[in-house]
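Student: Submitted below is the structure of interest, expressed as structure tokens.
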Amino acid sequence: MNRKKILIADDSPTVVDMLTYMFSHLPCEVIAAADGVEAMKLTYSEHPDLILLDILMPNMNGYQVCRLLKDDERTKQIPVVMLTAKDQQSDRFWGMATGADDYIVKDFEDTLLVATVERFLQQETPPVGAMANRAQQEVSTVDVLSHANNLLDRQLFQSTIVNHINQLARSIQDFEETIISVFELLSRILAFQIGAISVLDTKGAQLRLYIYITHTVSPHMVEQVKSLVLKDFSRTFSVKNIETFLLHGLIDDEMEAELLSICENSLIGRNTKIGTMALGDARKGRFSDDDHETFRIASTEVAVVLDNARLYDDNARIHAELERELRRAYDIQTLMLPQENPMQELLTIEATSIPAKDVGGDYYDFYRLNAHQLLVAIGDVTGKGVPAALLMAMIKTALQVRIELTQDVREIMASLNKLVCGQASKQHMTLFLGVLDVSRQTITYCNAGHNFPMLVSRQPRTLTYLEGTALPLGFQPEAVYAAHTAEFGAEDLFFFYSDGIVESRNAHNELYGYPRLEQLLLAHCEEDVLTIYLKLLEQMEAFCHETPQDDDMTMVFLRKIADQVA
């Protein structure tokens, strides 16, 4: 039985002598190298069973030696133990990253090193390449440096490929464009006639197949490449359930040819197989060993790109679906707002609600109670978007039911408050309810935390607030709400609004505020309702300009039509 060999690579004769003595009782032969190049030469000529490698050596350091040995099929299986004085965490990381099997700092105990050496020597002698079966070969310094240069060239080439593929990951494309970009890049690196990628969706429920042809191929070649990338999924997916896309190239039905050269690799994304990629060619021996290695490296990076592209594609689809749902919700919400003036022979009304999002939480409504009374409702649900809109819809329905039972605004408000308090979402809502009596020219109202409506008179030109408020809906189930009554003149203008009007801001973060609003209403109160309504919209647009809208904005103008008798 041949004695095993240990190669000690260290530029310190003292360390070499000490280690040689330490291993003298072991059934092994010790050989030594004083620098990195000599360590490489002895490895190729002596075929050691274990290498103890210092990092700081002349000519070639330990990192470089380990990388070269682990890159070569003839030597990659030889265990390498980094034995060094460098004890920083980053040193250990780089040592293991180069392929070292263990890393020991030189301030070790003798027993630790001996135990480590014995452990590796007890392993079966690793198989070595065909070159090792020959007689011991002489390896020159030029051979070692040439090998190092070849590795550097190959690493640079592979890094360039990885960099180009990673650029695809940073680009924003749809999924199909990403696949095309992958094949276009591969066609610049490797010569092939047909490529195919199978990819599962993120839920693992749908399989898609993409084919890219650089030169015209036969139908048989297409079926062959399909079989390659689908074989691992054949038990799960029927061919009928697989979407197939031909991205580029032509298939000649008259052509007879088959694949004689193939590169194939699984695509692994987040530790899960997401698909398979394959390249094929009708020419035999088209792909060299280097081509296969390049393809393997490319496949690893392509898997990351495609995994990201799947997520981006899913998110884009989800976003589009949400946009469609929000648009439908907006349309429904718009239809829920008053579509006509229920008392058009007696009152002029102009109103609008502008949501900050596609779906808002502001609410206004009108209900004709009898020949001369109109219920006006305006509210603001906390938050924005779908949750606020859902509560608004619930309040609208409940209000319609309650006014069939009573027209007392206090009772209606108390009932709606209990309803909001009982919601699991724990949202709150401000709400103003007012019963406008056209014949008596009075308004009886109840306010649950909403902005005070304004009443603007022409003669004399004055503006007053309909004051009186209580807690918003949703805070206390037993809250009590009081009613108030105010008179108005025949030509007076009512303005109901949400806080999104007065709290809107411009590019300088200034509030639109109450003073601007009061000034505009007083300045234009003698004009018709439509003109005042348009003036306010125009001023709001000029003030806010392109500043994003933070809150829903609702406005309702109302005035009794002159010379009408209820």
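Each value in this text was obtained by applying a stated rule to the coordinates, not by laboratory testing. Keep in mind that what you see is a predicted model, and the values were worked out from it rather than measured. All Cβ positions, glycine included, derive from the backbone under ideal geometry; neighbour counts span all protein chains shown.
Student: Would you tally the net charge around Val401, using a Cβ to Cβ cut-off of less than 15 Å, leaving Val401 out, and scoring K and R as +1, D and E as -1?
Tutor: Summing Lys/Arg as +1 and Asp/Glu as -1 gives -1.
Student: Classify region 485-531 as rounded, prolate or oblate from the Cα gyration tensor: take a ≥ b ≥ c as the square roots of its eigenvalues, call it rounded if a/c is under 1.5, otherwise prolate when a/b beats b/c and oblate if not.
Tutor: The shape class here is prolate.
Student: While we're here: Relative to the longest principal Cα axis of the chain, at what angle does helix 110-122 sit, 0 to 90 degrees, rounded to 10?
Tutor: Its long axis makes an angle of about 80 degrees.
Student: Would region 452-566 count as rounded, prolate or oblate if I go by the C-alpha gyration tensor, calling it rounded below 1.5 in a/c and otherwise prolate when a/b exceeds b/c, oblate otherwise?
Tutor: Oblate shape, in that a/c is at least 1.5 and b/c is the bigger or equal ratio.
Student: If the label point is 7 Å along Cα→Cβ of Asn506, which residues in region 522-547 have backbone nitrogen under 12 Å from it?
Tutor: Within reach of a label on Asn506, which here means backbone N under 12 Å from a point 7 Å along Cα→Cβ, region 522-547 contributes 539-547.
Student: Still on this structure, I have one more. Hey, which of these cross-link pairs are over 18 Å Cα-Cα: Lys203/Lys226; Lys76/Lys273; Lys76/Lys106; Lys41/Lys86; Lys231/Lys273?
Tutor: Lys203/Lys226; Lys76/Lys273; Lys76/Lys106; Lys41/Lys86, as the Cα separations exceed 18 Å there.
Student: With only alpha-carbon atoms in the gyration tensor, what are the semi-axes of the equivalent ellipsoid for the chain, in Å, largest first?
Tutor: Values for the chain, descending: 82, 32, 21 Å.
Student: Continuing with the same structure: State to the nearest 20 debye the size of the charge dipole of the chain about its Cα centre, where the only charges are +1 on K and R beta carbons and -1 on D and E beta carbons.
Tutor: 960
Student: Mind pulling the angle between the C-alpha long axis of helix 141-170 and the longest principal axis of the chain? Nearest 10 degrees, somewhere in 0 to 90.
Tutor: The angle comes out at about 10 degrees.
Student: How high is the relative contact order of region 337-560, given as a whole-number percent (alpha carbon pairs under 8 Å, six or more residues apart)?
Tutor: Relative contact order of region 337-560: 24 percent.
Student: Here is a follow-up. Taking the alpha-carbon distance from Lys418 and a cut-off under 18 Å, which lysines remain once sequence neighbours fewer than 8 residues away in the same chain are dropped?
Tutor: Lys396, Lys426
Student: Among 346-356, 453-463, how do they line up by average Cβ neighbours within 10 Å per residue, starting with the highest?
Tutor: The most tightly packed comes first, giving 346-356, 453-463.
Student: To continue, here is another question. So how far apart, in nm, are the two label points at Glu491 and Gln476 if each is 7 Å from Cα heading toward Cβ?
Tutor: Rounded to a tenth, the inter-label distance reads 4.4 nm.
Student: Same structure, new question: Over region 186-262, what is the mean sequence separation of C-alpha contacts under 8 Å (at least six apart), divided by residue count, expressed as relative contact order in percent?
Tutor: Values: 110 pairs, mean separation 28.4, N = 77.
37 percent.
Student: Is the shape of region 4-139 best called rounded, prolate or oblate, per the rule: a/c under 1.5 gives rounded, else a/b larger than b/c gives prolate, else oblate, with a ≥ b ≥ c the square roots of the Cα gyration tensor eigenvalues?
Tutor: Verdict is rounded for region 4-139.
Student: Right, another one. Can you order the peptides 296-309, 541-554 by their average number of other Cβ atoms within 10 Å per residue, highest first?
Tutor: 296-309, 541-554
Student: Compute the distance in nm between two label points, each set 7 Å from the Cα along the Cα-to-Cβ direction, one at Ser415 and one at Met394.
Tutor: Distance between label points: 1.7 nm.
Student: Does anyone have the angle between helix 385-405 and the longest principal axis of the chain? Alpha-carbon axes, 0 to 90°, nearest 10?
Tutor: For 385-405 against the chain, the angle is about 30 degrees.
Student: Order the peptides 244-252, 334-342 from the highest to the lowest mean number of other Cβ atoms within 10 Å of their residues.
Tutor: 244-252, 334-342
Student: Hey, another quick one. How many nm separate the modelled label positions at Arg368 and Gln123, each set 7 Å beyond the Cα in the direction of the Cβ?
Tutor: Taking the simple label geometry, Arg368 and Gln123 are separated by 9.2 nm.
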